[in-house]
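One structure below.
Each value in this text was obtained by applying a stated rule to the coordinates, not by laboratory testing. All values reported here derive from a predicted model rather than from experimental measurement. Backbone-built Cβ (ideal geometry, glycine too); neighbour counts: all protein chains shown.
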Amino acid sequence: MTLSRYHFRIYSRGALFLSLTLWAWMLSASRGAAASTLTVDLVHPGHALSPTLYGIFFEDINCSADGGLYAELVRNRNFEDSEGPDYWSTLKSGPGTVVLKIDPTLPASPKNLHSLKVEITDIGTGRAGVANSGFWGMSVKKSETYELSFLSRAADGFGGPLTVSLESEAGVVYASAKIASLTPDWKAYKTTLRSGGTDPKARLVISASRPGTFWLDMVSLFPKHTWKGRSNGLRPDLAEMLAGIKPSFVRFPGGCWVEGDTMNLAYRWKQTIGAPPERRTQYNIWQYHATHGLGYHEYLQMCEDLRAEPLFVINCGMSHKEVVPLDQMQEFVQDAIDAIEYANGPVTSTWGAVRAHNGHPAPFNLKYMEIGNENGGPAYQARYPLFYDAIKAKYPQMHLVADEWGGRPDNRPVEIVDEHYYSSPEFFIQNADKYDSYDRAGRKVYVGEYAVTQGCGEGNLRAAVGEAAFMTGLERNSDVVVLASYAPLFANVNYKKWNPDLIDFDSSRAYGIPSYYVQKMFSENRGDVVLPVNVQSPESLVAPKFGAIGVGTWRTEAEFKELKVTQGEKILFSCDFADGTKGWRLRSGDWSAQDGTLHQKSLAENVRAFAGDKTWRNYTYTLKARKLSGDEGFLIPFLVQDENAKAWWNIGGWGNTRHAIEMDGIVGNEVPGGIETGRWYDIRIEVADEGIKCSLNGKLIHDVKYPKTRALYATASRTKRDLILKVVNVSTENQETEVALNGGKPAAQAIAIVLASDKPGDENTLDQPNRVRPVESTIPCSGPTFHHTFPANSISVVRLKLQ
């Protein structure tokens with residue numbers, strides 16, 4: 001029996017949608033042959049489904065740790081972020097003066113070198129002090145308790161008291177407490193604050209009612225209620241969303257965060273353990289400061305609480321811009337050895353004793369370690385063996401993951417290789433069968449990072465469908481692909497450096513994008529053994545057939561004129577730039593319009609400008625373009641739906657050596673060719689439902705047809721009693737399907753979990769967190785063969801009890 005890949009998208013449209021779907025299914029049973037067939041072979045089960053297949057990847061990106069999963073409410077709590085009092089502001093209610101300074105004298109700790117000096121003068125009868133609003137507002141809840149701690153000392157002549165309070169932006173006090181006195185020496189203070197109100201944008205205020213000077217350091221405010229009740233713990237709602245995925249493993253702490261831009265900014269785990277005031281505050285490659293409150297120990301604890309295997313990524317002596325000399329690598333290799341001992345060693349070992357001192361005498365049982373992140377080339381080839389030999393010599397049971405970034409290491413065994421994919425829904429659909437042909441006797445694969453990042457909005461249903469189709473292939477080939485994790489995991493909506501992200505949040509709310517529910521559906525519904533499935537379904541077009549137009553360059557100065565878009569005899573668009581760039585959407589670059597020509601001066605990469613309607617279809621786009629200087633030719637966008645995605649004719653690309661249509665990958669064949677400087681070129685692009693024709697100076701360069709794919713992609717597995725079907729319909733039409741169970745008889749009813757919505761572009765938001773989410777129902781099963789209609793653009797999980 002031939003194994004096939006199956007894709008399907010399921011939209012949640014609520015009760016009416018499900019009722020109509022069930023009605024269509026039952027009606028289809030009385031109609032003749034179905035358009036698609038899905039046959040599951042229970043007689044000849046396949047390989048065991050990898051128990052570690054579905055996991056999560058946490059990187060400190062998008063303020064996902066501080067300001068996110070890590071429950072600390074104060075931002076810049078130890079005043080190490082910069083030379084100024086960032087995120088702290090003055091407060092006064094009278095005529096007084098408040099001056100704030102970052103002070104390096106008399107540090108509270110050798111590892112915490114700065115404090116905040118607060119000078120208050122002429123206070124009058126009011127109050128004066130400082131306020132901190134946390135990460136775009138502190139979320140406090142009525143009747144909840146918050147634990148405040150800080151270090152303070154006072155100048156001569158000032159002994160307090162201080163008032164600490166939780167307040168609204170307008171000054172409404174939700175809770176307050178008094179610190180009776182201060183001393184000239186550093187002293188730790190603690191108190192609790194019980195909020196009398198709920199406010200997602202509250203702030204912490206520390207104030208005095210008389211003039212004087214005092215210093216603050218390590219000002220920390222934690223909700224008493226953290227996930228699992230852990231001190232220095234996690235934000236409960238975000239941690240519960242992770243637990244809801246039921247991950248088998250957690251890869252941490254990165255990502256590019258492990259590498260850093262330079263070695264001084266690389267992640268070093270020994271700087272992230274111990275008492276929080278003693279940890280390094282470090283500038284993050286994603287352009288903010290990290291406290292390491294969520295450190296190596298807390299990551300291991302989180303994995304234990306999630307009942308997930310920890311997968312630690314160690315820096316391998318490589319950053320984005322620097323490489324540690326080989327004769328200085330022993331320190332980094334020892335870091336890897338010591339990290340394993342910290343996680344697993346007995347309390348009598350050096351690092352096991354440190355772990356016990358930090359509150360966890362029992363080992364964490366670390367089994368997986370990745371050597372570097374996205375590292376490759378000769379430098380990685382030279383360093384990977386250093387780690388491999390040392391770790392395997394002392395801990396032969398460890399599973400080591402190698403990077404594949406420009407070629408995997410070939411001078412030592414590679415047990416598991418990490419592969420990363422970011423692209424469009426169409427890319428993932430077309431690669432759903434990627435691992436069917438992998439060598440079963442070769443190295444295993446960890447798909448460590450993957451996500452639809454083009455044509456995805458802020459995380460829409462169509463992106464989830466593309467990923468789900470790809471995941472059917474991962475599951476079907478889980479004898480080769482033993483681990484997989486979506487990336488990134490979290491984003492604070494106020495600071496997104498990467499899009500999309502599985503879980504978006506602000507100070508008080510959180511939601512999962514549709515892809516979150518795909519991960520949850522696939523992880524929660526896992527069998528023990530993969531079953532062969534044969535799917536026959538109609539072919540459908542994958543590439544987009546609608547979209548706007550544009551012009552662009554890549555490291556080239558150019559100009560454009562006489563732009564026109566026609567549809568038969570109808571003119572859809574014509575531009576002579578008489579109104580300058582009005583109506584154009586300019587993305588980077590240096591654009592100007594004069595004398596009927598649009599001029600782009602910048603030599604930057606990926607410079608584009610867009611115009612027109614994204615609903616245009618079956619059109620011809622013509623223009624003239626001239627290169628003035630630079631390395632390449634022109635980028636001519638067309639069929640533009642997502643202005644962040646690749647959808648263009650690249651003329652004279654790749655160092656001015658060839659032409660190609662790029663739509664999330666090369667469409668059709670690349671053609672050798674270049675662009676001469678100073679010469680005007682006539683460019684013509686003809687877009688039809690079936691394909692694309694591109695001509696240059698009257699010569700046809702490309703004549704390609706859109707790629708096609710099957711409508712349905714599927715995988716099946718079973719437990720002792722259950723058959724689990726995962727079906728993705730990637731097409732724009734409902735698929736009436738005959739489902740046949742070879743060697744099995746289902747119970748009279750099955751459970752169907754369907755992810756769906758009205759439109760492929762539908763998304764969830766903070767205000768509409770449940771717009772696209774799975775809906776569960778029961779469906780009738782008439783026997784080992786039955787009919788079902790899978791909706792267009794949908795993802796379904798069907799669980800059948802076997803008799």
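Once each part is reduced to its C-alpha centroid, what is the distance from segment 451-475 to segment 115-133 in angstrom?
Here the two parts' Cα centres lie 51 Å apart.
What's the center-to-center distance, using Cα atoms, between segment 658-737 and segment 757-779 in Å?
If you average the Cα positions of each part, the centres end up 28 Å apart.
Once you have a ≥ b ≥ c as the square roots of the Cα gyration tensor eigenvalues for segment 244-344, tell me rounded if a/c is under 1.5, and otherwise prolate or oblate according to whether a/b is larger than b/c.
Prolate, since a/c reaches 1.5 and a/b exceeds b/c.
Cα to Cα, under 19 Å, and not fewer than 8 places away if on the same chain: which aspartates and glutamates meet these conditions relative to residue 224?
By straight Cα distance, residue 224 reaches 66, 72, 144, 147, 167, 199, 237, 240, 298, 305.
Quick one: putting +1 on the C-beta of Lys and Arg, -1 on the C-beta of Asp and Glu, what dipole do you get for segment 608-648 around its Cα centre, in Debye to the nearest 20?
For segment 608-648, the charge dipole is close to 160 debye.
In angstroms, what radius of gyration and Dmax does segment 134-231 have, counting Cα atoms only?
14.0, 44
Could you tell me which trypsin sites (Lys or Arg not before Pro) in segment 240-274 are loop residues by DSSP with no more than 16 other beta carbons within 10 angstrom of their beta carbon?
none
Considering the options 70, 35, 635, tell which one lies farthest towards the positive end of the dipole of the chain, charges being +1 on Lys and Arg and -1 on Asp and Glu at the Cβ, about the Cα centre.
Sorting the options by dipole projection puts first 35.
How about segment 78-181: which trypsin sites (Lys or Arg not before Pro) there are in a DSSP loop, with at most 11 other Cβ atoms within 10 Å of their Cβ?
142
Measuring from centroid to centroid over Cα atoms, what is the spacing of segment 575-641 and segment 293-328 in Å?
Taking the Cα centre of segment 293-328 as reference, the centre of segment 575-641 is 44 Å away.
In deg cm²/dmol, rounded to 500, what helix-only [θ] at 222 nm does the chain give when every DSSP H run of at least 4 residues adds -39500 (n - 2.57) and the total is split over its residues?
-4500 deg cm²/dmol, from helical runs alone.
Segment 552-644: percent of C-alpha pairs farther apart than 18 Å?
In whole percent, the long-distance tail amounts to 44.
Sorting check: for 154-162, 364-372, which peptide has the highest mean count of neighbouring beta carbons within 10 Å, and how do the rest follow?
Going from most to least packed, we get 364-372, 154-162.
Under 28 Å between C-alpha atoms is the cut-off here; go through segment 629-766 and count lysine pairs that meet it, provided they're at least eight residues apart or on different chains.
14
log₁₀ I(q)/I(0) of segment 720-765 at q = 0.19 Å⁻¹, via Debye over equal Cα point scatterers, no solvent, to two decimals?
-0.85
With +1 on the Cβ of every Lys and Arg and -1 on the Cβ of every Asp and Glu, and nothing else charged, how large is the dipole of the chain about its Cα centre, in debye rounded to the nearest 20?
Dipole magnitude for the chain comes out near 1560 debye.
Counting only other residues whose beta carbon sits under 12 Å from that of residue 226, what net charge do I get with K and R as +1, D and E as -1?
-3
If you average the sequence gap of Cα pairs under 8 Å that are 6 or more apart and divide by the length of the chain, what percent do you get for the contact order?
18 percent
Rounded, prolate or oblate, given the Cα gyration tensor of the chain, with a/c below 1.5 counting as rounded?
Taking the square roots of the gyration eigenvalues as a ≥ b ≥ c, the chain is prolate.
For a quick protection proxy, order the peptides 584-596, 471-483 by their average other-Cβ count within 10 Å, most packed first.
Descending mean neighbour count gives 471-483, 584-596.
Among 433-440, 332-339, how do they line up from the highest to the lowest mean number of other beta-carbon atoms within 10 Å?
The most tightly packed comes first, giving 332-339, 433-440.
What does the charge count around residue 167 come to, taking other residues whose C-beta lies under 9 Å from its C-beta (Lys +1, Arg +1, Asp -1, Glu -1)?
Computed value for this residue: -1.
Would you tally the net charge around residue 558, using a Cβ to Cβ cut-off of less than 13 Å, leaving residue 558 out, and scoring K and R as +1, D and E as -1?
Within the 13 Å Cβ shell, the charges total +2.
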